[in-house]
Amino acid sequence: MGEFKPLVFSGVQPTGNLHLGNYLGAIRKFVALQENNDCMYCVVDLHALTAQLVHDDMPTQIRSITAAFLAAGIDPKQHIVFNQSQVPQHAELAWIFNCVARLGWMNRMTQFKDKAGKDREQASLGLYAYPSLMAADILVYRATHVPVGEDQKQHLELTRDIAMKFNIDFMEKIRPTGLGVDITVGEEPVHAYFPMVEPLIDGPAPRVMSLKDGTKKMSKSDPSDLSRINLMDDADAISRKIRKAKTDPDALPSEVDGLKGRPEADNLVGIFAALADKTKAEVLSEFGGQQFSVFKPALVDLSIEVLAPINAEMRRLMADPSYIDSVLRDGGARARERAEKTMNEVRDIIGFVR
Ligand code: TRP
């Protein structure tokens, strides 16, 4: 039994402002994973074209995700921070995966159905192939662990299906190269070139909901800016948005059970807990019985305490785009080296002459 070398990979699209949900749900997890893992964090600019082709602020969007990574504490020297378009091997492997993935698999992708909406004829071919490119992002480094939100679980299952089909279809070509690893998938022994990726789903991180509607996810596409706290919001904006957040008239309960049927209260308590690195139960043992008029100011203070340093560092970094670009160029060069090694192996396995 062999083992793939552990490698963490994740991607964030450069579309719209990053908000508290992205920070607590993804970026903070990326930061924590650095301690014990080799990590690669990618600004997936090729994916950004799938829903909308032309973006007038593309460079700013790419730099601001990068700035958020760095401001949150990702170390681009120890790990790799880069943008996808600087590593053409992603698109190259995606083409091969387009020939591995079956139409039946792609037709099941719920995110495509949601994003394409009613007028599916007008959706881009790229939007349909999006999960295949995502599989390539991960597998071009033979990454093993992928921190993502719940909504990306199906795409990671597809990534495993693609890896599995490639491994099985090419098994007898992989064997003589000596590049494969003996693994078992379920009960089945497989001589694999690509690992079966493991999702690292939310864990203790909360699903951060809209400040205006506790049943909807906090989203960068919500037309109301009051519904979310952006990482670029200053202290005044944070304070205003929390004070205006929707609540109900009751005091906070003393037990987590009492949050049932109170989505807005549940959301604000969840945000407090995540920012304070506590459980909801611990937060309620402190604030149970208190009114929102007491809880909200405490949440404002805590939010500003955690987010203001990140915000200040993001602004400092955004004022120096040439530094950000140099980080991406350096990360891109290191990523290309790894990706090209995989692609040469894939070319040999397939039998392309080189
Ligand atoms: N689809 C992911 C999202 O929307 C972004 C993404 C693209 C990604 N490629 C990836 C995430 C590879 C993890 C790994 O959130």
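Annotation: peptides 112-124, 80-92, 4-16, ranked by per-residue average of other Cβ atoms within 10 Å with the highest first, follow the order 80-92, 4-16, 112-124. For residue 296, the lysines whose Cα comes closer than 16 Å to its Cα, not counting residues fewer than 8 places off in the same chain, are 212, 241, 244, 246, 280.
Which net charge results for the neighbourhood of residue 341, defined as the other residues with beta-carbon distances under 15 angstrom from its beta-carbon, given Lys and Arg at +1 and Asp and Glu at -1? Surrounding charge for residue 341 is +1.
Amide H contacts for residue 4 (H built 1.01 Å from N in the peptide plane; partners 5 or more residues away or on another chain; cut-off under 5 Å): none found.
For the range 195-285, carbon and sulfur atoms together expose 50% of the accessible surface, with a 1.4 angstrom probe and every protein chain in place.
Atom-type composition of the exposed protein surface of the range 35-139 places 52 percent of the accessible area on carbon and sulfur (1.4 angstrom probe).
Under a model in which nothing but the beta-carbon of Lys, Arg (+1) and Asp, Glu (-1) is charged, the chain shows a dipole of about 540 debye around its Cα centre. Local charge for residue 215 was computed over the other residues whose Cβ lies under 12 Å away, with Lys and Arg +1 and Asp and Glu -1, and equals +3. Among the chymotrypsin sites (Phe, Trp or Tyr not before Pro) in the range 266-354, those located in a DSSP loop and surrounded by at most 16 other Cβ atoms within 10 Å of their own Cβ are 352. The residues of the chain have, on average, 47 Å² of accessible surface per residue, using a 1.4 Å probe with all protein chains present.
The values are calculated or read from the model by the stated rules, or taken from the named source; none is laboratory data. Only a predicted model underlies this, so the values are computations on that prediction, with no experimental measurement involved. Note that we place each Cβ from the backbone using ideal geometry, even for glycine, and neighbour counts take in every protein chain shown. Calculation scope for accessible area: heavy atoms of the full protein, side chains included, ligands and nucleic acids excluded. Shrake-Rupley method; radii C 1.70, N 1.55, O 1.52, S 1.80 Å.
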